[in-house]
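The values are calculated or read from the model by the stated rules, or taken from the named source; none is laboratory data. This structure is a prediction, so every number in the text was calculated from the model and none was measured. In this analysis, Cβ positions are derived from the backbone assuming ideal geometry, glycine residues included, and neighbour counts consider all displayed protein chains.
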Amino acid sequence: MIEIQELFGLTIEGEGALVGAPVAYIRTGPAVQSKLMSVEDLTKDVETRCGHNPYLVTITGGEPSLYEEIGDLLDKLHARSHSIKIETKGIKVPIWIDQVDILSLSPDLYAPSWDVLRACIQANTRDVYLKAGILTSEDLERAHEISRVFSKTPFYLFPRHDEALQSLEDINENLLRNYRWLVSEVLQRQWANVRVFPPAHVLLWGNAKEV
């Protein structure tokens with residue numbers, strides 16, 4: 001059984017290397033409000049949401065690396081021709097890492113697990129990248145430090161916004177202002193192995209959940 005916070009999509013990828021790609025999401029625990037689901041039930045849910053078409057499936061968290069049963073889920077989804085992206089904070093090397101098609105690492109900028117990040121990057125022989133949301137200059141400096149350590153791994157940055165804002169107009173105004181600042185800072189640093197995108201799902205839906 002796997003602890004699940006929410007299941008949503010079809011929607012689009014909002015951040016990282018696959019922005020705009022149609023996707024079905026599985027958000028794992030741990031969380032206060034969650035439910036236990038079997039691999040079989042999760043597979044059926046994905047197939048229903050995808051209309052039995054081979055869409056991308058993103059498994060995020062929470063922290064999916066905590067659940068060994070995800071290896072069985074990956075096998076079942078691959079058997080149905082789905083590509084799988086795992087989003088993890090890089091705090092544990094999962095036993096099923098070699099089954100992952102795309103690995104997105106979003107480390108704690110202020111306390112990264114260096115050895116785990118290194119092991120994940122070395123273990124995943126397919127497609128791996130780093131990702132971080134940036135709000136302050138200190139956030140950016142920490143992300144740049146991580147990028148210098150893993151200089152051959154692509155790093156995707158996105159601007160964060162003031163989550164106290166409610167209207168889509170106010171959110172987008174704040175987000176685009178932060179995006180302009182972030183692009184300017186990255187260019188001034190002459191940071192080459194980085195991509196900077198605004199979060200597409202926030203531009204479209206603001207703070208709405210399950211989109």
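For the list (1) of a type outside the set (Ser, Thr, Tyr); (2) in contact with a Pro (Cβ under 8 Å, 6 or more places away or on another chain); (3) modelled with pLDDT of 95 or more, I need the number of the one condition that residue 62 fails.
With respect to (1) of a type outside the set (Ser, Thr, Tyr); (2) in contact with a Pro (Cβ under 8 Å, 6 or more places away or on another chain); (3) modelled with pLDDT of 95 or more, residue 62 is out only on (3).
Which one of these does residue 164 not meet: (1) at pLDDT 95 or above; (2) farther than 20 Å from residue 70 by Cα?
The failed condition is (1).
Within the range 177-207, which residues are closer than 15 Å to residue 145 by Cα and among the small types (Gly, Ala, Ser)? Talk me through it step by step, then tell me what you get.
From the range 177-207, those closer than 15 Å to residue 145 by Cα are 185-186, 189-194; that's our starting set.
Hit for the range 177-207 is 192, nothing else.
Report, by residue number, each residue of the range 150-204 that is of a type in the set (A, V, I, L, M, F, W, C), out of contact with any strand residue (DSSP E or B) (no Cβ under 9 Å at 6 or more places or on another chain) and more than 30 Å from residue 122 (Cα to Cα).
164, 165, 168, 171, 203
Of everything in the range 155-211 that's outside any loop (DSSP other than H, G, I, E, B) and among the β-branched types (Val, Ile, Thr), which residue is surrounded by the fewest Cβ atoms within 10 Å (Cβ to Cβ)?
Narrowing the range 155-211 to residues outside any loop (DSSP other than H, G, I, E, B): 155-159, 168-188, 194-196, 200-205.
This time we only want the ones that are among the β-branched types (Val, Ile, Thr), so: 171, 183, 186, 194, 196, 202.
Details: 171: 20, 183: 15, 186: 20, 194: 17, 196: 17, 202: 23.
Per the criteria, the residue is 183.
Which of the numbered conditions does residue 96 fail, given that it passes all the others? Conditions: (1) in contact with a Phe, Trp or Tyr (Cβ under 8 Å, 6 or more places away or on another chain); (2) farther than 21 Å from residue 151 by Cβ.
Single failed check for residue 96: (1).
Among 85, 152, which is the only one that is modelled with pLDDT of 95 or more and out of contact with any Lys or Arg (no Cβ under 6 Å at 6 or more places or on another chain)? First the steps, then the outcome.
Working: 152 fails: modelled with pLDDT of 95 or more.
Every option except 85 fails the conditions.
From 136, 125, grab the single residue that is at pLDDT below 95 and β-branched (Val, Ile, Thr).
Details: 136 fails: at pLDDT below 95.
Answer to the selection: 125.
Would you check which residues across the range 22-52 are surrounded by fewer than 16 Cβ atoms within 10 Å (Cβ to Cβ), in a loop (DSSP other than H, G, I, E, B) and touching a strand residue (DSSP E or B) at 6+ places or on another chain (Cβ under 9 Å) and list them?
Those that are surrounded by fewer than 16 Cβ atoms within 10 Å (Cβ to Cβ), in a loop (DSSP other than H, G, I, E, B) and touching a strand residue (DSSP E or B) at 6+ places or on another chain (Cβ under 9 Å): 30, 31, 33, 38, 51.
If you go through the range 75-119 one residue at a time, how many are loosely packed, with under 15 Cβ neighbours inside 10 Å, of a type outside the set (D, E, K, R) and in a loop (DSSP other than H, G, I, E, B)?
Result for the range 75-119: 4.
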